[in-house]
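Structure, as structure tokens:
The values are calculated or read from the model by the stated rules, or taken from the named source; none is laboratory data. All figures in this text were calculated on a predicted structure; none of them were measured in a lab. Ideal geometry is used to build each Cβ from the backbone, glycine not excepted, and the neighbour counts take in all protein chains shown.
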Amino acid sequence: MFTPIQKLLNTTRKNKRIISVTFDILAIITSLYLAILLRLGTIDFNVNIPGIASLLVTLAVTIIALIKLGMYRAVLRYMMLPTIGNIFFAAFISAITLAISGFFFNSFIPRSVPFIYAGLAVFALGGPRILIKTFYYQYYKRQKPNVVIYGAGSTGRNLAYALIQGEDYHPVAMLDDDKTKIGQVIYGLQVHHSSEFKQLQSLYAPEKLLMAINNINKGARLRLVEKLSHWPIAVLSVPSIEDIAAGKARATEIQDLDVADLLGRAPIAPNNELLSKNITNQHVMVTGAGGSIGSELCRQILAQKPKTLLMFELNEYNLYKINQELEAIKDNLKIETRLIAALGSVQRQNRVEKLMQAYEINTVYHAAAYKHVPLVEDNIVEGIRNNVFGTLAVAQAAIKCNVANFTLISTDKAVRPTNIMGASKRMAELVLQALAETENNTTLTMVRFGNVLGSSGSVVPLFKTQIRKGGPVTVTHPDITRYFMLIPEAAQLVIQAGAMGKNGQVFVLDMGESVKILDLAKRMIHLMGMKEHINAEGEKETGDIEIKFTGLRPGEKLYEELLIGEHVEGTSHSKIMTAQEDKLKWLEMGILISQLDKCCHDFDEECIRRILLDAPTGYNPQD
């Protein structure tokens, strides 16, 4: 039944304009004819040359007025009140033109005809446009999934307006906890109290709840997300105020909940003095600049306006991506930092030295590492070469080039490691601690922290993908826990720790409470509008997404630790601690390194394992 209108809506813009102009010409002629008919009460009246001349002038002026008022640029489906006002104005101009042209051409137009004509022209020009818009809205809203907006403030109002005009979602109601907003009607949507959600769900069957609240503190937002996680509906949100202010997103963009909401704790505001100390007006180098931590370090460093930011990376595509991103940020913020994208391996000390000398590097953040536990477990030699000898090469290059500050990004897996990755990072720490005992002008520090949410190795993107595919969600063990931190927060703390370090210090970041991975999986399933089930033998499936336990992977621990011993002290930053741990003299370390180098050269994995066991790494393989 609606096929002709659908074809009209889907034709090209040029065709639509031709159709609109043709229709308006016919509407004007018809309106004038009917106006005279109504005035004279008969269809028997003479059409003479002066009358035709008056009609042609009226037609020309009216069409020009409609063009100038933008009526042929307006998209009918998005037509709003100002457009209706333009139709009234065009009809008024048309009626005035009719009266004046009738006078000049001495055509037979009774004085009351322009008034009758104006009313008919408004109806003829505006009526079909309103009908098409109404049809479009009524037809297409049935094709869009129903959603409820949580938040009736400015963000919620902007979102409601955008969704009504858009083609993705059909808002049916708004929720808010502010009693002064309850009962208001915003763009045709009534504001209800959040306690009425169950009734609204029964009435409208919304598929998603869109959280449009950005004017509350982090603690209140976390409590709200916790409440929503128990509602039987998928929860999405608009971007944070920070992302909107930075130009990374628009207020009306809908996205998955931020990883900070999934983490369930608020990040700590950074100390700006520490952030800028080793960076502002300095020449800074980041190794592994294309990785999760390395790329975020580059973003945070650029914000502190160094003279030079040298991005060193082995992976060409990752380096290209971060370089393009930082160039765009630099242009937007009018930052004068010189960005250098350098390809290469951290194991080539000569390459690293030449770069440090050429760009007069003052500060190095060494983030380059192989970090995926199962992969390193299966590629022991390359893991040791990159994580241990790569660190040694970059550190020795820094010492030789008189770099003032060198910071190694380490991991909680270096504490009593049960896998090669953790043992290699602990060995890298020992290398730096031993080098720090030698006579040099470089301050060598290490920063140790746990998993970061949203990184390439994080469970969050993996769980999201698995849930969207319908499961199962794979958890290695029901009791496994991990420390988590947001990538920006971790990068900021690394920079601050490096700024307060003394030679050879190991810093430990306060990661808060450890998170049970099973609880994180359940929380994500709930917030995506589904229920979980864990199949026991003979048990019926009662949820949408299965949680499947796959068993601990080679070298994986149930619990991660951040400290090796009990000797830990606070610092001037509430989230950064310093640890006093066992270390070797450089002479002893040199012997171990020589032996390890020979084992790697011979691809003797058992020899490597023996050295890691004999060194004070705390390595305790589970196999």
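So the values come out like this:
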quantity	calculated
Qualifying residue in the range 411-434 (condition: among the aliphatic types (A, V, I, L, M), part of a loop (DSSP other than H, G, I, E, B) and within 20 Å of ILE279 (Cα to Cα))	no
Condition met for ASN10 (modelled with pLDDT under 80, under 56 Å from the mean Cα position of the chain (by Cα) and assigned by TED's automatic domain parsing to the domain that holds PHE89)	yes
Selection from the range 460-504 of residues that are surrounded by 22 or more Cβ atoms within 10 Å (Cβ to Cβ), under 23 Å from THR442 (Cα atoms) and not aliphatic (A, V, I, L, M)	GLN492, GLN496, GLY498, GLY501
Failed item, numbered, when THR391 is tested on (1) assigned to a helix (DSSP H, G or I); (2) under 30 Å from the mean Cα position of the chain (by Cα); (3) closer than 18 Å to VAL447 by Cβ	(2)
So THR445, is it assigned to a loop (DSSP other than H, G, I, E, B) and either among the small types (Gly, Ala, Ser) or in contact (Cβ under 8 Å) with a residue 60 or more places away in the chain (or both)	no
Counted residues, the range 576-623 - those being in a helix (DSSP H, G or I), within 42 Å of the chain's Cα centre (by Cα) and of a type in the set (Val, Ile, Thr)	1
Residue in the range 221-229 that is part of a loop (DSSP other than H, G, I, E, B) and either out of contact with any Gly (no Cβ under 6 Å at 6 or more places or on another chain) or modelled with pLDDT under 85 (or both) present	yes
Test: residue in the range 568-583 that is within 22 Å of ARG426 (Cα to Cα) and at pLDDT 80 or above	yes
Which listed residue is of a type in the set (Asp, Glu), over 29 Å from LEU552 (Cβ atoms), surrounded by fewer than 20 Cβ atoms within 10 Å (Cβ to Cβ) and touching a Leu at 6+ places or on another chain (Cβ under 9 Å), from GLU316, GLU336	GLU316
Given (1) at pLDDT 80 or above; (2) surrounded by 14 or more Cβ atoms within 10 Å (Cβ to Cβ); (3) within 16 Å of ILE132 (Cβ to Cβ), number of the condition THR22 does not satisfy	(2)
Residue within the range 343-363 that is within 27 Å of the chain's Cα centre (by Cα), outside any helix (DSSP H, G or I), buried (at least 19 other Cβ atoms within 10 Å of the Cβ) and in the same structural domain as LEU432 (by TED's automatic domain parsing) present	no
Every pair of residues 6+ apart whose Cβ atoms lie under 6 Å, when the first sits in the range 200-217 and is free of Cβ contacts under 8 Å to residues at least 24 places away in the same chain while the second is in a loop (DSSP other than H, G, I, E, B)	none
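Quick grid of which residues meet (1) part of a strand (DSSP E or B); (2) modelled with pLDDT of 80 or more:
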| site | (1), (2) |
| --- | --- |
| GLN466 | no, yes |
| THR474 | yes, yes |
| PRO478 | no, yes |
| ALA490 | no, yes |
| VAL494 | no, yes |
| GLY498 | no, yes |
| GLY512 | no, no |
| MET524 | no, yes |
| LEU552 | no, no |
